[in-house]
Amino acid sequence: MCPDDASSLKISVPTGWLTIPDKHFCLFSFRDVLQIRDRPFRYQEHEPVPCGPGSPGSRSVHLNFIDELQWRDLLFQATSEDLGAYLQDSRVAYIGFDPTADSLTIGNVLPVITLARWQRCGHKPIVVMGGATGLIGDPSGKSAERTLLDPDTIASNIQGQMGTFRRLLDFDGPEQTRAVLLNNMDWFTGLSFVDVLRDVGKHFSVNAMIQKDSVSARLSEREQGISYTEFSYMVLQAYDFLHLYREHGCTIQMGGSDQWGNIVSGIDLINKVFPSPERKQAHGITTPLVLKSDGSKMGKSESGAVYVNPDRTSPYALHQYLLNTSDDDAVRFLKYFTFLQRDQVQQLEALMQDSPQQRHAQKALADELVDMLHGSDELDRAVAAAGALFSGNVRGLDDRTLADLVIEVPHTSIDPGRLSGEGVPLAEFLPETTLADSRRQAREFLANSAISVNGDVADPDRCLVTTDILHDQAILIRRGKKAWHALMIS
């Protein structure tokens, strides 16, 4: 299994390709691979090809984008049945992102992945940050007025989201597919209110605007209604499309299904501004809204939104959230959120049906997304943290992994002074945690060897002392196999 002429080896596993760039690296047995990823795999030799988020722009058109969306159940609406033929040549498409937070949630990262698929199919993606439209607020899908954000907050949020776009898209590849990131504040700044009313507003019929779902739903609410500010949002988004069409040759706008009305408004504006003989085609494509099988939004948990940025949601917490995906959603989300190919997804679906308790599809989903968004090192830490919580062996965790873990389990702060000298008896301290309700109950747990400190079973007379502190950060106490509490050193 170590061919002399191979410049790289790849192991195809359900979680994607593991590339071994050194041709002298030998895999001595299949068991070695199974110990790396405890999942089925198949071995195959390959010539090196650009793969992964780091190099999508170097690919040529080899897969029709529409076909790709269709097999992944991601094509919700399109303005033409002939888009497949239109996309045989390289095209330019954009998706707009209003920076209402300093991080995307895991649910609304799907449009970024859609742009990455677009780029991998040999097309040019444009990211439009809503520096201007974010100040207004999109009424789509909202039952009440948004809280208006100030310009400084919008600018800060744009900076916070930039890392996700740069991780998933190639901004350095060939010009034909090189990603572009723009801020619509750049072109709206030069427009006066009169300019917008005269040159853009005249092309919009109020009769048609109030028929849009995002507007009509709000107008039906006597108490709430809709402000002129949000009512005008579709005019601004339509102008985005017109500007990109005119200045960047962008002929396609994509977005979630709730953006269909805004996308069509942009196409209508282009058709009215440009006479038919000189007009290039303009199209729209939408993807489904990301809802779980129970109807709730993907990216929401009991503790709040699940974010992409690690300072908002740790890679470990993201990994755990994805591992808990229901069987009803796992295969669908593999299609939506990963770059696994059809046969790999089918293999995982078969494995899930044969042995659902093994959660192969959920593990693949969690591994793929954490690796894609945070890198292999963070994935390894997330897996190590989960393994440590399962086995109880937390002493081997590095300081960063420990830091991620302790904030994801119940925790309290402790003054290190209480741990000096002989320390504090564990039986006295446990009622201050979530692990025991009283000293009597604590003594019973200790007598039954149900309590461990940093993975070691605690004796009934055990005391917590300074030397129990791991990496100068915390002490981890467990009751039974699953109940954990972290003492964070204050």
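Since every read-out is calculated from the coordinates, none of them should be taken as a lab result. It should be emphasised that the depicted structure is a prediction, and the values quoted were computed from it without experimental measurement. Cβ atoms come from the backbone with ideal geometry, glycine included; neighbour counts cover every protein chain shown.
At a 10 Å Cβ-Cβ cut-off, how would you order 128, 457, 264, fewest neighbours first?
Working: 128 25, 457 13, 264 18.
Ascending number of Cβ neighbours within 10 Å: 457, 264, 128.
Under 5 Å between amide hydrogens, which residues at least 5 positions from residue 93 or on another chain qualify, with H placed 1.01 Å from N in the peptide plane?
When sequence neighbours closer than 5 places are left aside, the close amide H contacts are 124, 126.
For the stretch 456-483 and the stretch 286-363, compute the distance between their C-alpha centroids and round to whole Å.
Using only Cα atoms to place each centre, the spacing works out to 33 Å.
What residues qualify as long-range amide H neighbours of residue 283, i.e. H under 5 Å apart, gap of 5 or more or another chain, H built at 1.01 Å from N?
Placed amide hydrogens put 252, 253 under 5 Å from residue 283.
List 463, 121 from most exposed to least, where exposure is judged by having the fewest other Cβ atoms within 10 Å.
Details: 463 18, 121 23.
Ranked by crowding around the Cβ, least crowded first: 463, 121.
Over 23 Å between Cα atoms: which of 292/335; 212/272; 292/482 fall into that group? Kindly include the intermediate steps, with their values, before the conclusion.
Details: 292/335 14 Å; 212/272 19 Å; 292/482 27 Å.
Check vs 23 Å cut-off fails for 292/482.
Restrict the search to the stretch 384-490; then list the GluC sites (Glu not before Pro) that DSSP places in a loop and that have at most 14 other Cβ atoms within 10 Å of their Cβ. Walk me through the numbers on the way to the answer.
On the way: sites: 408, 422, 428, 432, 444; in loops: 408, 422.
Passing both the DSSP loop test and the Cβ count: 422.
Would you mind ranking 280, 292, 363 by Cβ crowding within 10 Å, fewest neighbours first?
Details: 280 11, 292 17, 363 22.
In increasing order of surrounding Cβ atoms, one gets 280, 292, 363.
Could you bin all the Cα-Cα distances of the stretch 56-287 into 5 Å bins starting at 0 and give me the percent of pairs in each, rounded to whole numbers?
1, 6, 14, 18, 21, 18, 12, 7, 3, 0, 0
Once phi is turned into ³J(HN,Hα) by the Karplus curve 6.51 cos²θ - 1.76 cosθ + 1.60 with θ = phi - 60°, what whole-Hz value does each residue of the stretch 194-207 show in order, with x for glycine and proline?
With the stated coefficients, the stretch 194-207 comes to 5, 4, 5, 5, 6, 8, 10, x, 5, 8, 10, 8, 4, 4 Hz.
Return the long-range amide H neighbours of residue 170 (sequence gap of 5 or more, or a different chain), with a cut-off of under 5 Å between placed amide H atoms.
Here 57, 179 satisfy the definition.
Tell me which GluC sites (Glu not before Pro) from the stretch 271-374 have a DSSP coil assignment and no more than 16 other beta carbons within 10 Å of their own.
Details: sites: 278, 302, 349, 368; in loops: 302.
Qualifying residues, ordered by number: 302.
Considering only 211, 157, 253, whose Cα is most displaced toward the positive end of the charge dipole of the stretch 56-287, charges sitting on Cβ of Lys, Arg (+1) and Asp, Glu (-1)?
My answer, from the dipole projection, is 253.
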